[in-house]
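Asks: Here it is: the structure, laid out below.
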Amino acid sequence: MKTSTVILGDRAAIRPHGDIDHDELPSLRAASDALPGGVAFLTWDFGDVPFLGVAGLHLLHEQRLLAGRQGRTLTVRGLRTQPRRLLTVAAELYPAMGWETLLTD
């Protein structure tokens, strides 16, 4: 999977290109792990992600936990129809997980 990362000062955006399933998780985690410590605001831009599998929920859950430990603000943007629907269903089924906070785009 191709992933683009842009860093501007204390802000970073990671933009995966293609479907996200279990096989893509290592490269996506590596993109996040490669960010400098000074990044305070991280955006996952899913504008080029037509399909988000359950593995994507695992990724976002991990990223929220990591952001909390690192003092980063995590946002998600560019959700297309299927990824948005998956997060909406997750928010409805598991309200305690706070998935609705990622549906602000």
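Asks: Return the residues of the stretch 89-105 that are assigned to a helix (DSSP H, G or I) and open to solvent by less than 40 Å² (accessible area, probe 1.4 Å); say none if nothing qualifies.
Replies: Initial filter on the stretch 89-105 (assigned to a helix (DSSP H, G or I)): 89-93, 95-97, 99-102.
Correct list: ALA90, ALA91, TRP99, LEU102.
Asks: Shifting gears a bit: Quick check on the stretch 1-12. Is at least one of its residues more than 22 Å from THR73 (Cα to Cα), modelled with pLDDT under 95 and not hydrophobic (A, V, I, L, M, F, W, C)?
Replies: Within the stretch 1-12, the first condition is being more than 22 Å from THR73 (Cα to Cα), and the residues that meet it are 1-2.
When the remaining residues are screened for being modelled with pLDDT under 95, the result is 1-2.
Narrowing further to those that are not hydrophobic (A, V, I, L, M, F, W, C): 2.
Among the residues of the stretch 1-12, at least one is more than 22 Å from THR73 (Cα to Cα), modelled with pLDDT under 95 and not hydrophobic (A, V, I, L, M, F, W, C), which makes the answer yes.
Asks: If I go through the stretch 28-49 residue by residue, how many of them are among the aromatic types (Phe, Trp, Tyr) and either open to solvent by less than 10 Å² (accessible area, probe 1.4 Å) or over 14 Å from THR75 (Cβ atoms) (or both)? First the steps, then the outcome.
Replies: Step one: list which residues in the stretch 28-49 are among the aromatic types (Phe, Trp, Tyr), which gives 41, 44, 46.
Those left that are additionally either open to solvent by less than 10 Å² (accessible area, probe 1.4 Å) or over 14 Å from THR75 (Cβ atoms) (or both): 44, 46.
So the count comes out to 2.
Asks: Go over the candidates LEU52, LEU25 one by one and state the one that is touching a residue at least 24 places away in the same chain (Cβ under 8 Å), surrounded by 15 or more Cβ atoms within 10 Å (Cβ to Cβ) and closer than 18 Å to THR104 by Cα. Outline the logic, then answer.
Replies: Values: LEU25 fails: closer than 18 Å to THR104 by Cα.
One residue alone meets the criteria, LEU52.
Asks: Cβ-Cβ distance below 8 Å, separation of 6 or more or different chains: which pairs start in the stretch 58-73 with a residue that is open to solvent by less than 70 Å² (accessible area, probe 1.4 Å) and end on one that is among the basic types (Lys, Arg)?
Replies: LEU59/ARG29; GLU62/ARG29; LEU66/ARG72
Asks: Return the residues of the stretch 58-105 that are in contact with a helix residue (DSSP H, G or I) (Cβ under 7 Å, 6 or more places away or on another chain) and acidic (Asp, Glu); say none if nothing qualifies.
Replies: The one that is in contact with a helix residue (DSSP H, G or I) (Cβ under 7 Å, 6 or more places away or on another chain) and acidic (Asp, Glu): GLU100.
Asks: Among the residues of the stretch 28-49, write down those that are within 18 Å of THR104 (Cβ to Cβ) and of a type outside the set (Gly, Ala, Ser).
Replies: Selection gives PHE41, LEU42, THR43, TRP44, ASP45, PHE46, VAL49.
Asks: Answer with yes or no whether VAL6 is part of a strand (DSSP E or B) and either in contact (Cβ under 8 Å) with a residue 60 or more places away in the chain or over 21 Å from ARG84 (Cβ atoms) (or both). Working first, answer last.
Replies: Numbers: part of a strand (DSSP E or B): yes; either in contact (Cβ under 8 Å) with a residue 60 or more places away in the chain or over 21 Å from ARG84 (Cβ atoms) (or both): yes.
Judged against the criteria, VAL6 is a match.
Asks: Considering only the stretch 51-85, how many residues are part of a loop (DSSP other than H, G, I, E, B) and within 11 Å of the chain's Cα centre (by Cα)? So that I can check it myself, show each step before the final result.
Replies: Restricting attention to the stretch 51-85, the residues satisfying the condition of being part of a loop (DSSP other than H, G, I, E, B) are 51, 53, 71-72, 78-80.
Cutting the leftovers down to within 11 Å of the chain's Cα centre (by Cα) gives us 78-79.
Total satisfying the criteria: 2.
Asks: Of all residues in the stretch 27-50, which are closer than 14 Å to ARG15 by Cβ, assigned to a helix (DSSP H, G or I) and in contact with a helix residue (DSSP H, G or I) (Cβ under 8 Å, 6 or more places away or on another chain)?
Replies: LEU28, SER32
The values are calculated or read from the model by the stated rules, or taken from the named source; none is laboratory data. Computed from a prediction, not measured in an experiment: that's the story for all the values here. Cβ: placed from backbone, ideal geometry, glycine included. Neighbour counts: every protein chain shown. We work out accessible area using only protein heavy atoms, side chains counted, and drop any ligands, DNA or RNA first. Shrake-Rupley method; radii C 1.70, N 1.55, O 1.52, S 1.80 Å.
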